[in-house]
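Q: Questions regarding the structure given below will be posed in turn.
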Amino acid sequence: MTELSAHLPQFQHGQLTENFPDNHLSNTNDNSERRRHDNSDRRRNDNPESETNGQPQSNIQQVVEQDEEEDEELTLKYGAKHVIMLFVPVTLCMVVVVATIKSVSFYTRKDGQLIYTPFTEETETVGQRALNSILNAAIMISVIIVMTILLVVLYKYRCYKVIHGWLIISSLLLLFFFSFIYLGEVFKTYNVAMDYITVALMIWNFGVVGMICIHWKGPLRLQQAYLIMISALMALVFIKYLPEWTAWLILAVISVYDLVAVLCPKGPLRMLVETAQERNETLFPALIYSSTMIWLVNMAEEDPESQRKPSKNSTYDKKAPANQTQNEDAEADDGGFSQEWQQQRDNRIGPIESTPESRAAVQALPSNSQTSEDPEERGVKLGLGDFIFYSVLVGKASATASGDWNTTLACFVAILIGLCLTLLLLAIFKKALPALPISITFGLVFYFATDNLVQPFMDQLAFHQFYI
Amino acid sequence: AFFWLVSLLLASLIWFVSVHLSDREDAKLQHGLLIFGAAVSVLLQEVFRFAYFKLLKKADEGLATISEDGRSPISLRQMAYVSGLSFGIISGVFSVINILADSIGPGIVGIHGDSPYYFITSAFLTMALVLLHTFWGVIFFDACEKRRYWCLGLVVGSHLLTSGLTFLNPWYEASLVPIFLITLCTGLWAFFTAGGSFRNILKCLSCK
């Protein structure tokens, strides 16, 4: 999304799409925000530490182990809940994309290609087509890499204004321009007569509320809904403008790149995350889907707001003096970024908190308030780029597969299982993980397998009305 | 659902390979191969159900050790039900969704001499299958727990029988009626396996 504005003048079809960097960003930006939310976890981690300082050795081991076990158990419990909380938006996004593809024919018509994929796939020989698609994919990936590195460099040199401007312009474009086109196509499909004034009013309202929700404050549900909608719009644009083989190749290469960029020590995304952590600050909003804030909203609704907030702040004060203001901000207008578990044991933050005051506060805390604040702290964030690529895979499957619904369903199940596995790994490793590789691999394998192998089989069975 | 899909994938791989290796023109052979493929698929489904059972057992142990009171939050019965249900749902959906999609479009059922009841029998068969998978799941898991291998064999056998009965389509009397009978019997069996009894039913009804 961030590059959109930069490339406006150059397109043949005026459709911008670059949000790859965002995607990768999203995979890493989460760390800093995650860190912010680690307080409760660190609090509990501090417990064993503080106790080791003050108690005889024999008790220490037991206490430490017990705390770690409780920790893990809570991790897994809340982990399962958050897996489900991520299933719903991913499913919604895919459902929107598939529904649109099936009904609005605009997105399956070939109207040319993006400038990023200059080689056509309508060639005479298969070899030529393969070569063209490889070149297309290579160009696209290099654009993404360049953009990501640019973003990391900008971030390192603290050019925050530039980044913010970039993000705002691209989300403006997405919210207004793309949704205008989408609305127009839907009206055309259903033959609905509509005047420009109504459309202008609708798009204006949609766009402005979207900008406010995403970049500033807004109800959590509304923000999540907007993020899902813009991911779906983006995925639809990709499905329309990427030719077949190129699309599959790009999906495959992007998951490899994601893996490399997030896990390798010199990867741009990892550097981004580490820089953000060093500076103790939040990364960009509007590019991550977050499932956490729901607790904040719930708590505010249940108790009188005035009572709750000060008490939360005061407990934060005791535990994380350095992070208190950031917590407030972050929880108020959190975006999220890629996939991270919010309980990362971060040594950099730990030492700040192990003052006698915090230790006393931690030990004095009644257990129920601990658990009630834990859910608030924990949550999973998934980058919007991940949403987009999942939806691209499922959308392409539904658009171009001969097996139609079977293939779409198989890809859908495969992606969800991949997401489950990734979240499981996240709970085990507790650090930023790329969300794309496992899901996309499963999705691709299932797509090609179902389309070529299962489809003829099921077809024959259905023809004779055999059931297995 | 994922496990069922994987089993379907493997089965169709086997069928595909066998079709390609054989004579395309011989219709009887193709028919036979299809039946063979279906039988293989049924067996693979049961194998994967067993594999899923093993996986869930492991997860169950893990959950039990870390939970507060030493028992896992989800009982094995619930897991059996969910697993059977998901197998059933994905199997039913895969069987019927293309038919549903076609049923929206323009066309006449059975114009080439096939039965005009295709859609409605498909609907009933799918429903029976989904229910059957759920019941089989419950019985299967229970049998594995208690190591009653004859129960297992009976489940696999009834699955094969059901699938075989569908080969008798479009002779619907011979296929639909027995399949529904099997569904009813399996349902009762699963109900008693899961611990139900006449008294439970009476208690449940009288509470209302």
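Readers should treat all values here as calculations from the given coordinates under stated rules, not as data from a laboratory. These figures come from a predicted structure and were not determined experimentally. Here the Cβ is made from the backbone with ideal geometry for all residues, glycine too, and neighbour counts use every protein chain on show.
Q: From the cross-link list A:Lys240/A:Lys430; A:Lys156/A:Lys381; A:Lys217/A:Lys240, which pairs have alpha carbons spaced over 26 Å apart?
A: In this structure, A:Lys240/A:Lys430; A:Lys217/A:Lys240 exceed 26 Å between Cα atoms.
Q: Provide a whole-number value for the mean count of partner chain Cβ atoms within 10 Å of the Cβ atoms in peptide B:3-9.
A: If you average over the peptide's residues, the count of other-chain Cβ atoms is 5.
Q: What residues qualify as long-range amide H neighbours of A:Leu433, i.e. H under 5 Å apart, gap of 5 or more or another chain, H built at 1.01 Å from N?
A: A:Gln339
Q: Only counting other Cβ atoms within 10 Å, I'd like B:Arg199, A:Arg221, A:Arg270 sorted with the fewest neighbours first.
A: B:Arg199, A:Arg221, A:Arg270
Q: A further question follows. Using only Cα atoms, locate the centre of the stretch A:423-468 and the centre of the stretch B:118-137, then give the distance between them in Å, rounded to an integer.
A: 24 Å
Q: Now for a different question. Can you tell me the convex hull volume per residue for the stretch A:172-236, based on C-alpha atoms, in Å³ to the nearest whole number?
A: 82 Å³
Q: Under the rule of at least 5 residues apart or a separate chain, name every residue whose amide H is placed under 5 Å from the amide H of A:Val380.
A: Here the answer is A:Ser291, A:Thr292, since their amide H atoms fall under 5 Å of that of A:Val380.
Q: Let me ask you something else. Show me, for the stretch A:252-265, the HN-Hα J-couplings you get by feeding each phi into the Karplus relation (A = 6.51, B = -1.76, C = 1.60, θ = phi - 60°), rounded to Hz, glycine and proline as x.
A: 5, 5, 5, 6, 5, 4, 4, 4, 5, 5, 8, 9, 6, x
Q: What is the order of A:His82, A:His464, B:His133, fewest Cβ neighbours within 10 Å to most?
A: With the sparsest Cβ surroundings first, the list reads A:His464, A:His82, B:His133.
Q: Follow-up question, since we're still on this one. Taking the Cβ of A:Ile415 as the center, what net charge do the other residues with Cβ under 15 Å away carry, scoring Lys and Arg +1 and Asp and Glu -1?
A: -1
Q: Just tell me how shielded B:89-101 is by partners: mean number of partner chain Cβ atoms within 10 Å of each residue's Cβ, no decimals.
A: Taking the mean over all residues of the peptide, I get 4.
Q: Now for a different question. Among A:168-179, A:408-419, A:101-112, A:183-194, how do they line up by average Cβ neighbours within 10 Å per residue, starting with the highest?
A: A:408-419, A:168-179, A:101-112, A:183-194
Q: So, one more: For the stretch A:191-198, take each phi angle, set θ = phi - 60°, evaluate the Karplus expression 6.51 cos²θ - 1.76 cosθ + 1.60, and give the result in whole Hz per residue in order, putting x for glycine and proline.
A: Once rounded to whole Hz, the list reads 6, 9, 7, 8, 9, 5, 5, 4.
Q: Could you work out the mean count of beta carbons from other protein chains within 10 Å of each residue's beta carbon in A:448-454?
A: 5
Q: Going by C-beta contacts inside 10 Å, put A:Cys93, B:Cys185 in order with the fewest on the left.
A: Least to most surrounded, the residues fall as B:Cys185, A:Cys93.
Q: Here's something else I'd like to know. When the chain is fully extended, how far beyond the present Cα-Cα distance does B:Phe50 get from B:Ser197, taking 0.36 nm per residue of separation?
A: 50.2 nm
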